[in-house]
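Read the figures in this text as sums done on the coordinates, not as results from a lab. For clarity, every value in this text was computed on a predicted model and none was experimentally measured. Reconstructed Cβ throughout: ideal geometry from the backbone, glycine too, with neighbour counts over all protein chains shown.
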Amino acid sequence: MPVTHLANRLSKQEIAEIDNAAKIEHESLQMLQHDISKAVIDYMAKNNVGFNDLVRKLGKSPTQVSKIIKGEANLTLATIAQLYAFMGRRAHIVSA
């Protein structure tokens, strides 16, 4: 359905609420990606783990590992759990 039709069916307040929720979702995703990326990079530096070692140990493609390190990966909860288990840590979400 084209956006113009939605604008006719929703109030300005509803559109503003949807827009705000989308912004919060986007910011949350970026923060999670950054936090996971930083944790992996820190682990690699502290434990002398190279990129190829990480690819091999995680069983992920080089492209996927690169995206994780750059903070660009859209990770599943299972992959996040796998990453943190690999680093000897437990993943948990703290709401801000």
Of Ala39, Ala85, Ala16, the most mobile residue in a GNM of the chain (C-alpha springs, cutoff 10 Å) is Ala16
Relative contact order as a percentage, the chain, C-alpha pairs under 8 Å and 6+ apart, gives 25
Computed over the chain: longest principal axis from alpha-carbon atoms vs helix 12-46 long axis, angle to nearest 10 degrees, is 10
Hydrodynamic radius by Kirkwood for the range 3-86, inverse mean 1/r across distinct Cα pairs, in Å, is 14.9
Length gained if Glu14 through Ile93 is fully extended, taking 0.36 nm per residue and subtracting the Cα-Cα distance, is 25.6 nm
In whole angstrom, the spacing between the Cα centers of the range 53-96 and the range 15-30 equals 24
Simple SL model, points at 7 angstrom along Cα→Cβ for Ala45 and Leu58; separation in nm is 1.7
Nearest 10, in degrees from 0 to 90: the angle of helix 77-86 to the longest Cα principal axis of the chain is 20
Ranked on Cβ counts within 10 Å of their own Cβ, fewest leading, Leu54, Leu29 go Leu29, Leu54
Across Val40, Val65, Val49, the residue with the highest GNM fluctuation in the chain (Cα network, 10 Å cutoff) is Val49
